[in-house]
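Okay, so here's the structure we're looking at.
What follows draws every value from the coordinates through simple rules; no lab data is involved. If you're wondering where the values come from, they're calculated on a predicted model, not measured in any experiment. Heads up, the Cβs are rebuilt from the backbone with ideal geometry, glycines too, and the neighbour counts pull from every protein chain shown.
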Amino acid sequence: MLSAKALTPRRVLAIRNFAGRPLRSTFTIVGIALAVPMVVLGLFWRDAIDQMIEVQFNLVERGNAVVTFPVRSTAPSSATSRASPASSSPKDCDLSRFACARGIAAI
């Protein structure tokens with residue numbers, strides 16, 4: 001079976017405890033088997049949240065500043081105006097008269 005060197009007093013005591021209290025040994029093994037994944041999952045969530053923050057603030061929202069232009073409340077009085085404030089596109093904005101609805105730029 002096992003040699004005399006393999007059966008040290010410490011190992012004999014462990015084998016005797018396993019054989020003498022099988023239910024306690026089984027619960028101990030099951031408890032350790034369930035505790036290890038809980039520790040691993042706890043560490044996983046910390047890394048996952050760090051990764052989400054990294055992606056959101058360093059890859060998705062890379063802008064340093066957000067500029068918003070105000071919307072003029074009344075339509076231009078001249079009949080030669082190109083477009084109303086709501087229908088103008090950013091490329092034909094007249095910033096001196098605030099004709100563009102909203103503009104957002106990242107610097």
- prompt: Want the number for residue 8 to residue 39: 0.36 nm per residue separation, take away the alpha-carbon distance, what's left?
  reply: 7.9 nm
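Using r as the Cβ-Cβ distance of residue 30 and residue 65, and R0 as 41 Å, what FRET efficiency do you calculate, to the nearest 0.05? Kindly include the intermediate steps, with their values, before the conclusion.
Details: r = 56 Å, r/R0 = 1.38.
Using R0 = 41 Å, I get an efficiency of 0.15.
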